[in-house]
Each structure stands twice: as C-alpha cells, then as structure tokens.
Amino acid sequence: MGRLDRPIQPARLPAGLKVWIGGSSPPMEDYHSPKPPHLLARTNRNGRANRMAAIKPLIAGNWKMNGTTAALAELASMEAGYDQAMRVRLNMLVCVPATLVSAAATVALNSGVTIGAQDCHAKPSGAHTGDISAEMLADAGASAIIVGHSERRTDHGETDEQVRAKAEAALRAHLKPIVCIGETEAQRKSGETLAVLKRQLAGSLPESAAIVVAYEPVWAIGTGLTPTLADIAEAHAFIRAELAARFGEAGSAIPILYGGSVKPANAAEILAVADVNGALVGGASLKATDFLGICQAA
Ligand code: PGA
C-alpha cells in the first residue's frame, strides 16, 4: 500500500514532530499510479500513447468559504465512498476552510483522503493579524494548499509574485501547492488565453516541480459554463509544454487539473482529455454524492 493510500497527517504525529514519515519530501508527492492498464491504453489524437497517462488522477475539492463542523458529515460520506478500487485509481483531496482543517484531518484519519487548505500567508510567522501560515496549516493537518485561485486574485488583488511567494511557502512547509491559473472571459474573447497562461505560469510558479497546476478559466468558475473539450485540450497541452520547457522531465510529471463547473455529468469527458490529470471542483465538492460521482468518472 503506497504512502498516499495511508497518508500520515501531522495531526497524527507526536507533538513537535514535523517530519513526514516516509522521508523529508512533501506529502502527496507521488501522484504516479501503478499504471492501470486502461489508462496506459489511452492514446492521444495522433494515436500515440498519452505520455501523461501514468499520472494518477487527483480529484480535489475546494469548499471555498463554505462549511462548519456540520459539513464534516459530508466529508465522512466521501471517505466512505473512497473504496479500495477508487484508491487505486485516483487520489482524493478535500480543501476545506482553515477553521476545519484540524477536525477534517482527524475525520480523514486512515481513510486515504487527504485534507488541504485554500490559501496561506507567504511568511512562516509574524505580525500579520488574521493571516495563517503554511506551517500552521501543516501543523493542523493539511497536505496541500490552493494558491492563486482567481477569487483570491480578484477579491484580494493577489499578483503573480504574491502567488509565487505563497507557493514557495507551501513547499517550505512540506505541503503541495496547487497553483491556479486561468483567463477571464474578456481575455478569451480577445484571443489572449495562451498569453495569459504563459504569463501566469512564468510569474506564479515556484522553482520546484513538486507542485500541482490547476487550469481554471475564470468565466467557467461557478457559472455552469465550461470550455469546449478542444479548448481544454489546447490549454492543457500548452501548459504541459510550458512546464516541460521550464522543468524538463519533471515538468512532464506535474499534474495539471482542470477546474470550472466540473460536475458528475461532464467529468468523464473532461477527465478523458489528454493532459487533464484530474479536477479542481468547487460547488460539486460540497455534497458527497456529487463529488463521488465525479470520482467515479475518473
Ligand atoms: P466550481 O469552482 O467547480 O464551483 O466552478 C471551481 C473552483 O473555483 O475551484
């Protein structure tokens, strides 16, 4: 059984022990599956084997500013549905509000589900009233942190430089940063999509390839709208090429998630697109039946 099947949450470690069992590398680093045959058989439009087929899909929920302790019952239902067959096929992560990280990590104990957070301060500690550091989230039991979500970029004016600093902070705390990028509707309409993605990748990514990238078109988030499969394929192929150019071989192993109005009804076709290595799910991650429906499609 792999490390991700039995994640060691910091909450389970003796007080003061900050290392992750299994080495000093960040948790959730191993997104590589034992290469299930049905995925290896997948070919791209040129008939060549999809070189990213070996990346184990990651289905990540983003609860945003939703959920009190009552919502932990949904988390428990998600865990109950994350059976052995699903564990082999995909990694399940639920990014809860900071207030729930500790309790969620306890609920997730031994379930194989990992718990993430949604933002962090770039510094490890200090005079920053109301902020929460990556180290604090790690201590509470998080394994990953979403950084640079478009709602943070819009609501809080976060720049690529700040997003990058937060991604570096997550790595410093041995957490997996999920770095979000994506174009606005106006940018897509004016044909700037790839230029925007290029700029955000250049500015927001840390030096390390121990990351996850989430492509989330801003206009698709929470709207029920999704890009065409061809548009998703184009964006993901572009991001893959940029990652490979920047990180070499390691760039080919970085999971690229699609996010924006993913639901059970469209998950299968989106997740089948080349270089889509999973999904970042907002609204449909709040209910176990919806979230598990997406997982079943992966
Ligand atoms: P949505 O949100 O699935 O509700 O569109 C996705 C996200 O913002 O991560």
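Just so it is clear, none of the values below were taken in a lab; they were calculated from the coordinates. Not measured: the values here are computed from a predicted model. Cβ atoms come from the backbone with ideal geometry, glycine included; neighbour counts cover every protein chain shown.
List of remarks:
Table: residues versus (1) touching a Leu at 6+ places or on another chain (Cβ under 7 Å); (2) farther than 30 Å from residue 187 by Cα.
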site: 80; (1), (2): no, yes
site: 83; (1), (2): no, yes
site: 111; (1), (2): no, yes
site: 119; (1), (2): no, no
site: 133; (1), (2): no, yes
site: 136; (1), (2): no, yes
site: 147; (1), (2): no, no
site: 150; (1), (2): no, no
site: 164; (1), (2): yes, no
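- Test: residue in region 195-218 that is under 24 Å from residue 293 (Cβ atoms), touching a strand residue (DSSP E or B) at 6+ places or on another chain (Cβ under 7 Å), among the hydrophobic types (A, V, I, L, M, F, W, C) and in contact (Cβ under 8 Å) with a residue 60 or more places away in the chain: yes
- Some residue of region 106-118 being assigned to a helix (DSSP H, G or I) and away from the ligand (no atom under 16 Å from the Cβ): yes
- Residue that is farthest from residue 113 (Cα to Cα) [pool: residues in region 66-79 that are small (Gly, Ala, Ser) and touching a helix residue (DSSP H, G or I) at 6+ places or on another chain (Cβ under 8 Å)]: 67
- Only one of 202, 210 that is hydrophobic (A, V, I, L, M, F, W, C) and assigned to a loop (DSSP other than H, G, I, E, B): 210
- One residue from 151, 158, 192, 135 being within 16 Å of the ligand (Cβ to nearest atom) and free of Cβ contacts under 8 Å to residues at least 40 places away in the same chain: 158
- With respect to the conditions (1) closer than 18 Å to residue 274 by Cβ; (2) within 12 Å of the ligand (Cβ to nearest atom), residue 223 lacks only one, and its number is (1).
- Some residue of region 77-97 being touching a Gly at 6+ places or on another chain (Cβ under 9 Å), assigned to a loop (DSSP other than H, G, I, E, B) and touching a residue at least 60 places away in the same chain (Cβ under 8 Å): yes
- For region 253-281, the set of residues classified as surrounded by 21 or more Cβ atoms within 10 Å (Cβ to Cβ) and over 16 Å from residue 55 (Cα atoms) consists of 259, 260, 261, 262, 267, 281, listed by residue number.
- Residue in region 282-295 that is closer than 23 Å to residue 199 by Cβ and not charged (D, E, K, R) present: no
- Just so you know, in region 57-84 the residues that are among the hydrophobic types (A, V, I, L, M, F, W, C) and more than 14 Å from the ligand (Cβ to nearest atom) include one that is surrounded by the fewest Cβ atoms within 10 Å (Cβ to Cβ), and it is 70.
- Any hit, region 231-240, residues being within 15 Å of the ligand (Cβ to nearest atom), among the β-branched types (Val, Ile, Thr) and not in a helix (DSSP H, G or I): no
- Any hit, region 196-218, residues being among the aromatic types (Phe, Trp, Tyr) and over 16 Å from the mean Cα position of the chain (by Cα): no
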